[in-house]
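The values are calculated or read from the model by the stated rules, or taken from the named source; none is laboratory data. Computed from a prediction, not measured in an experiment: that's the story for all the values here. Here Cβ is always computed from backbone atoms with ideal geometry, including for glycine, and neighbour counts include all displayed protein chains. Note: areas computed on protein heavy atoms with side chains; ligands, DNA, RNA excluded. Shrake-Rupley method; radii C 1.70, N 1.55, O 1.52, S 1.80 Å.
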Amino acid sequence: MPVQSNRVASDGMVVVDCDIHVNDLPEFLAPHCEMPWRKSLEILGAAPRRYLDIPGYAPSFGLHPPIPGGHSARSVNTPQAMRDELDALGIDYGILLPDHLLLFATLPNIEYATALSHAYNRWLVAQWIQAGSGLYGAIMACPQNPEDSAKEIERYAGTPGICSVYLPTAGVDPLWGARRYDPILAAAEAADLPVILHSVTVTSPVFPAQINQFENHFGRQVIGHAFSMMANLVSIMHTGVPARYPKLKIVFTEAGVSWVPCMMWRMDRYHQEYRRTVPFLEERPSEYMRRQMWFATQPLDEPVNPKHLVETMEHYGGADRTLFASDWPHHDFDHPRGLAKLPLTQEQRRKIMGENALGLFKLPMPNRLSKREIHSA
Amino acid sequence: MSGNQEMAERASEAETKSQQPASTPVDYPVGPASDFPPGSHRIVQVRTQEVGVFNVNGNLHALVNVCPHQYGPVCDGPVGGEMRCNASTGWKFQWSRDGEILICPWHGLEFDLTTGRCLAPKEMRLRKCKVNVVEGEVRVSLTGG
């Protein structure tokens with residue numbers, strides 16, 4: 001018998017990972033893309049490129065020299081490789097998000113962006129979503145073309161394996177919450193698909209991504225994801241998205257969770273003073289957050305005393321509002337074991353590691369656990 | 001098996017095995033010294049434990065293949081140097097100690113191969129093993145680095 005791979009889930013806990021990444025190179029998407037933009041992808045596929053740095057596809061404002069040392073980038077090219085790797089990590093289900101197209105919102109050509117979103121969604125469904133694989137998909141929204149994007153969401157709603165809508169967040173301008181995106185949010189709510197905000201560290205001339213003044217990646221990485229999520233949360237709240245779409249479920253990923261209480265308390269404070277400017281918010285912002293928003297763990301905040309993170313989580317709803325995410329295979333991924341250090345009750349751990357996500361994304365209990373229940377019954 | 005998966009599997013196994021009690025101090029042969037020339041970097045199996053054996057400037061160092069951060073397979077990572085910048089370098093970037101620093105492939109944490117100490121949080125350190133050469137053979141003990 002092979003060595004037990006000490007999976008966190010081995011005690012009967014379902015592990016759902018709401019943020020894993022597929023390698024979405026232009027040449028992979030090209031066969032699924034409409035003309036003439038298929039030609040663009042073919043040209044891009046044959047051109048030299050670097051990870052998260054493909055002009056016209058994943059535009060990176062590359063200002064800085066490489067520094068010797070460091071670890072190399074990882075990517076996953078096939079669903080079988082992803083399945084095997086998730087098994088090794090002890091993860092039952094993963095929700096697939098793009099890799100290079102994390103920078104999708106920065107692409108200014110509306111026609112191209114629309115075709116690219118179609119191609120990604122076709123490719124995702126054709127190549128990555130397979131019954132029983134435990135790999136679930138998020139339909140990519142196209143902020144450059146909200147009306148078309150709403151149709152795209154309607155088209156894929158009900159497709160087996162599609163469980164959510166990905167809102168490209170890095171460099172999105174205007175921020176999510178702007179009224180022009182209402183058709184996307186309305187379609188997601190109507191389809192009962194949660195929306196997932198996911199950013200990436202990017203330097204772009206739009207708020208809050210103008211981070212070119214930082215002279216190294218430490219500064220940009222600390223700021224990038226967290227400021228993106230803070231700005232988008234406030235934007236979503238300031239136009240009353242959760243009030244106007246009361247069934248819409250909103251997930252914030254890849255910024256850790258420690259920023260959440262800060263924004264929540266600031267919004268509650270100023271809601272008292274400026275309520276008349278946001279009269280559609282008939283409750284405190286924190287009430288909407290505790291009802292309609294979820295926050296993913298990765299990159300796990302790592303205070304010296306892990307108890308401090310658990311206390312921080314409790315301020316915004318704790319285990320009920322927190323979802324496990326690994327960000328596999330990226331450089332700062334979290335192994336499920338990383339959460340083993342947190343002083344949580346078994347019930348809290350079960351919710352965070354998977355039960356919340358099973359309910360939120362309407363996923364079935366995995367066979368490995370449902371069989372066990374039958375045996376023990 | 002993909003490289004990524006192998007990395008994840010190996011770390012899981014290393015972690016599981018490291019929970020077993022250490023043996024009584026016994027030296028385990030891991031190969032002829034000629035297999036560990038200066039600059040070399042190999043992972044060997046010592047009983048149930050994976051150990052990285054590194055020859056740094058002619059001196060052997062052995063470290064358990066588990067990163068204390070998130071239990072990644074730290075010895076699978078590349079070996080590089082230390083970027084320094086402080087008053088003694090005149091606040092200029094200086095590349096030093098090339099070949100003496102191990103970089104975890106999971107999250108890029110850097111460890112001094114000669115001491116096991118992490119260059120960032122200094123209280124974090126890798127478990128060192130005793131390693132010596134007896135009659136041309138490299139021997140590793142899981143205890144007493």
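Among the residues of region B:16-56, write down those that are within 24 Å of residue B:78 (Cβ to Cβ), at pLDDT below 95 and more than 15 Å from the chain's Cα centre (by Cα). B:17, the sole residue that qualifies.
The single residue among B:59, B:55, B:65 that is farther than 29 Å from residue A:88 by Cα and in contact (Cβ under 8 Å) with a residue 24 or more places away in the chain turns out to be B:59. Return yes or no: is residue A:199 touching a Leu at 6+ places or on another chain (Cβ under 7 Å) and of a type in the set (Ser, Thr, Tyr)? When the stated conditions are applied, residue A:199 does not pass them. Candidates A:60, A:133, A:117: the one that is within 19 Å of the chain's Cα centre (by Cα), farther than 30 Å from residue B:97 by Cα and of a type in the set (S, T, N, Q) is A:117. From the list B:39, B:58, B:52, pick out the single residue that is out of contact with any strand residue (DSSP E or B) (no Cβ under 8 Å at 6 or more places or on another chain) and away from every other protein chain (no Cβ under 14 Å). On inspection, the qualifying residue turns out to be B:58. The residue pairs whose first member lies in region A:121-134 and is on the phi < 0 side of the Ramachandran plot, whose second member is among the polar types (S, T, N, Q), and whose beta carbons are closer than 9 Å, counting only pairs six or more residues apart or on different chains, are A:125/A:159; A:127/A:78; A:128/A:78; A:129/A:159; A:133/A:80. Where helices (runs of 4 or more DSSP H) fall wholly inside region A:280-358, the ranges with 1 or more residues that are touching a residue at least 40 places away in the same chain (Cβ under 8 Å) and within 26 Å of residue A:223 (Cβ to Cβ) are A:285-292, A:306-315.
Per this entry, residue A:10 is counted among residues that are at pLDDT below 95 and either part of a helix (DSSP H, G or I) or within 22 Å of the chain's Cα centre (by Cα) (or both).
Return the residues of region A:306-324 that are more than 14 Å from chain B (Cβ to nearest Cβ) and not charged (D, E, K, R); say none if nothing qualifies. Answer for region A:306-324, where residues must be more than 14 Å from chain B (Cβ to nearest Cβ) and not charged (D, E, K, R): A:308, A:309, A:310, A:312, A:313, A:315, A:316, A:317, A:318, A:319, A:322, A:323.
Selection of region B:97-121 for residues being more than 9 Å from chain A (Cβ to nearest Cβ) and open to solvent by less than 20 Å² (accessible area, probe 1.4 Å) yields B:102, B:111, B:112, B:113, B:116, B:118.
Restricting attention to region A:325-340, and to residues there that are more than 9 Å from chain B (Cβ to nearest Cβ) and out of contact with any strand residue (DSSP E or B) (no Cβ under 9 Å at 6 or more places or on another chain), which single residue is surrounded by the most Cβ atoms within 10 Å (Cβ to Cβ)? Checked region A:325-340; the qualifying residue surrounded by the most Cβ atoms within 10 Å (Cβ to Cβ) is A:339. Among the residues of region B:122-145, just one is of a type outside the set (Val, Ile, Thr), over 24 Å from residue B:72 (Cβ atoms) and open to solvent by 70 Å² or more (accessible area, probe 1.4 Å), namely B:135. Scanning region A:215-235 for residues that are of a type outside the set (Gly, Ala, Ser) and under 16 Å from the mean Cα position of the chain (by Cα) turns up A:225, A:227, A:229, A:230, A:232, A:233. What do you reckon, is residue A:16 within 14 Å of another protein chain (Cβ to nearest Cβ) and either buried (at least 20 other Cβ atoms within 10 Å of the Cβ) or on the phi < 0 side of the Ramachandran plot (or both)? So residue A:16 fails the test.
Residues are listed down the side, and each one gets a yes or a no for (1) open to solvent by 10 Å² or more (accessible area, probe 1.4 Å); (2) over 21 Å from residue A:20 (Cβ atoms):
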residue: A:252; (1), (2): no, no
residue: A:265; (1), (2): yes, yes
residue: A:268; (1), (2): yes, yes
residue: A:289; (1), (2): no, yes
residue: A:315; (1), (2): yes, yes
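What do you reckon, is residue B:69 more than 12 Å from the chain's Cα centre (by Cα) and either within 14 Å of chain A (Cβ to nearest Cβ) or buried (at least 20 other Cβ atoms within 10 Å of the Cβ) (or both)? Answer is yes for this residue.
Conditions tested, residue by residue: (1) modelled with pLDDT under 95; (2) within 18 Å of residue A:191 (Cα to Cα); (3) not hydrophobic (A, V, I, L, M, F, W, C).
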site	(1), (2), (3)
A:96	no, no, no
A:101	no, no, no
A:108	no, no, yes
A:112	no, no, yes
A:128	no, no, no
A:135	no, no, no
A:138	no, yes, no
A:141	no, yes, no
A:144	no, no, yes
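The residue that is surrounded by the fewest Cβ atoms within 10 Å (Cβ to Cβ), among those in region A:52-100 that are over 26 Å from residue A:323 (Cβ atoms) and among the hydroxyl-bearing types (Ser, Thr, Tyr), is A:72.
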